[in-house]
Amino acid sequence: MKRLFLIGGPMGVGKTAVGRALQRLQPGSVFLDGDWCWDANPFAVTPETQAMVLENIRFLLGQFLRCSAYETVIFCWVMHRQDILDGILSGLELAGVEVRSVSLTASPAQLRQRLEGDVAAGVRQADVVGRSLSYLPLFDALDTVKLDTTGCTPEETARSLLAAEKRTERTEPETSL
């Protein structure tokens, strides 16, 4: 059975690093980052661009889910609202696919520390700190498993994600993580 991991969380929480670590742990997997579908200059958020990006994401995910070379598709993006998650899933053929929706979180202090390190390294702009911290509480309302990354390496978080999946499979075979 195919698996689709949807890994959300605020900017700087470690979605990409965890997704890459998960990919290394899962043979026959592919990693996709939603930011690749919206890497534009200027970055313009309009109804038209939002619809285009969701369509592009659904197209890519669908192609990889249909491809027999991959058993596991790992997708990360901020996904801070339930309608974003639902919009992605609504356009996919999910027969025979186990969907695992996870929101990565961290303590505000840990998130701030990570982001400030990125800003100092020139990887991010300074305004990301406030935006990311304001997004953090939004993930509580989502229909996802919450995984706190505070004090964890990406590899530890990926292993925790897989351990949670195995516990879910043993106790509730029809329930998504």
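Coordinate-derived values only; no laboratory data. Fair warning: this is a prediction, and the values are worked out from it, not measured in the lab. Positions of Cβ are backbone-derived with ideal geometry, glycine not excepted, and every protein chain shown enters the neighbour counts.
Of the DSSP H helices in the chain, those that are both long (alpha-carbon extent of 24 Å or more along the helix axis) and hydrophobic (Kyte-Doolittle mean at least -1.0) are 47-66.
The GNM of the chain, with springs linking C-alpha atoms under 10 angstrom apart, assigns the highest mean-square fluctuation among Ile74, Ile57, Ile84 to Ile84. GNM remark for the chain: springs join alpha carbons under 10 Å apart, and the peak mean-square fluctuation among Leu162, Leu32, Leu104 falls on Leu162. In the set (i) 18.8, 61; (ii) 15.9, 47; (iii) 17.7, 55, which value of Rg and Dmax of the Cα atoms in Å was calculated from the structure you see? Of the listed options (i) 18.8, 61; (ii) 15.9, 47; (iii) 17.7, 55, (ii) comes from this structure. Under 5 Å from the amide H of Phe5 lie the amide H atoms of Val73, Ile74, Phe75, Arg100, each residue being 5 or more positions distant or on a separate chain, with H modelled from the backbone and absent for Pro and chain starts.
Oblate is the label for segment 1-64, because the ratio a/c of its alpha-carbon gyration tensor axes (a ≥ b ≥ c) is 1.5 or higher and a/b is not greater than b/c. Between Thr153 and Ala141, the modelled labels are 3.7 nm apart [label points 7 Å from Cα along Cα→Cβ].
Pairs of Cα atoms nearer than 8 Å and 6+ residues apart set the relative contact order; for the chain it is 34 percent. Stretching Val97 away from Thr49 to a fully extended chain increases their span by 14.5 nm, per 0.36 nm per residue minus the current alpha-carbon distance. Pull out a ≥ b ≥ c, the square roots of the eigenvalues of the alpha-carbon gyration tensor of segment 58-117, then state rounded if a/c is under 1.5, prolate if not and a/b is larger than b/c, and oblate in the remaining case. Since a/c reaches 1.5 and a/b is larger than b/c, the shape of segment 58-117 is classed as prolate.
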